[in-house]
1. From the helices alone, meaning DSSP H stretches of at least four residues, give me the mean residue ellipticity at 222 nm for the chain, per-run term -39500 (n - 2.57), in deg cm²/dmol to the nearest 500.
2. Before I look further, what does the stretch 62-102 give for accessible area per residue, probe 1.4 Å, in whole square angstrom?
3. About the Cα centre of the stretch 1-63, what is the dipole size in debye to 20, counting +1 per Lys and Arg Cβ and -1 per Asp and Glu Cβ, all else neutral?
4. Provide the per-residue ³J(HN,Hα) series for the stretch 51-59, in order, calculated from phi with Karplus coefficients 6.51, -1.76, 1.60 and θ = phi - 60°, each as a whole number of Hz, with x at glycine and proline positions.
5. May I ask you to compute the full-extension gain from Val94 to Ser113, defined as 0.36 nm times their residue separation minus their alpha-carbon distance, rounded to one decimal in nm?
6. Working from the pairwise distances between different alpha carbons, so that the mean of 1/r is found and then inverted, what is the chain's Kirkwood radius in Å?
7. Can you tell which of Ala99, Asn80, Phe39 lies farthest toward the positive end of the dipole of the chain, using +1 and -1 charges on the Cβ of basic and acidic side chains (Lys, Arg; Asp, Glu)?
8. Is there a quick way to get the dipole size of the stretch 43-123? I mean about its Cα centre, with the Cβ of Lys and Arg at +1 and of Asp and Glu at -1; what is the value in debye to the nearest 20?
Amino acid sequence: MWPRSMHEQVFGRDEVLGLIDGAVYSSEIDWTKPHPEAFRAAMAAVGVGDPAACVFVGDRPYDDVYGAKQAGMRAVLIPNSDVPACADAEPDAVIARLADLAPLIDAWQDGRSAEEVHADRED
């Protein structure tokens, strides 16, 4: 349970703090993932009310993927070898790095599947 200042220090170090439109930290709310209210708090932080319009990216199959899907969001997994798989957590897509997210979202908006995007990148 890191406080906001610790998260922001890491984001600043990695030069991504300015890319964050809204942030919610479990140290500041009454819920933790995978509780749906944790995901609703994240939606509120960026001003979105419809979970179907959201994509949640995380490295924890149960907390992030299962939780986001139960809240009505799409879920993208960035695997972390130290975090065990979860049979109940089927992501909508798996990516290796955040830079892979934008083309995936573009494809979904064009009506293409994650598999089609993956196939396109291999060509």
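The values are calculated or read from the model by the stated rules, or taken from the named source; none is laboratory data. Everything numeric in this text was worked out from a predicted model, so none of it was measured. Don't worry about glycine lacking a Cβ; one is built from the backbone with ideal geometry, like all the others, and counts go over all protein chains shown. Calculation scope for accessible area: heavy atoms of the full protein, side chains included, ligands and nucleic acids excluded. Shrake-Rupley method; radii C 1.70, N 1.55, O 1.52, S 1.80 Å.
1. Working: 5 runs with 42 residues, N = 123.
Calculated at 222 nm, the ellipticity per residue is -9500 deg cm²/dmol.
2. Values: 2350 Å² over 41 residues.
On a per-residue basis, the stretch 62-102 sits at 57 Å².
3. On the way: 5 positive and 10 negative charges, 16 e Å.
For this selection, approximately 80 debye.
4. In residue order, the calculated couplings are x, 5, 8, 10, 10, 9, 10, x, 10 Hz.
5. Numbers: separation 19, 0.36 × 19 = 6.84 nm, distance 1.20 nm.
Gain in length upon complete extension: 5.6 nm.
6. Values: mean 1/r = 0.0649 Å⁻¹.
Averaging 1/r across every pair of different Cα atoms and inverting gives 15.4 Å.
7. Phe39
8. Working: 6 positive and 16 negative charges, 55 e Å.
My answer is approximately 260 debye.
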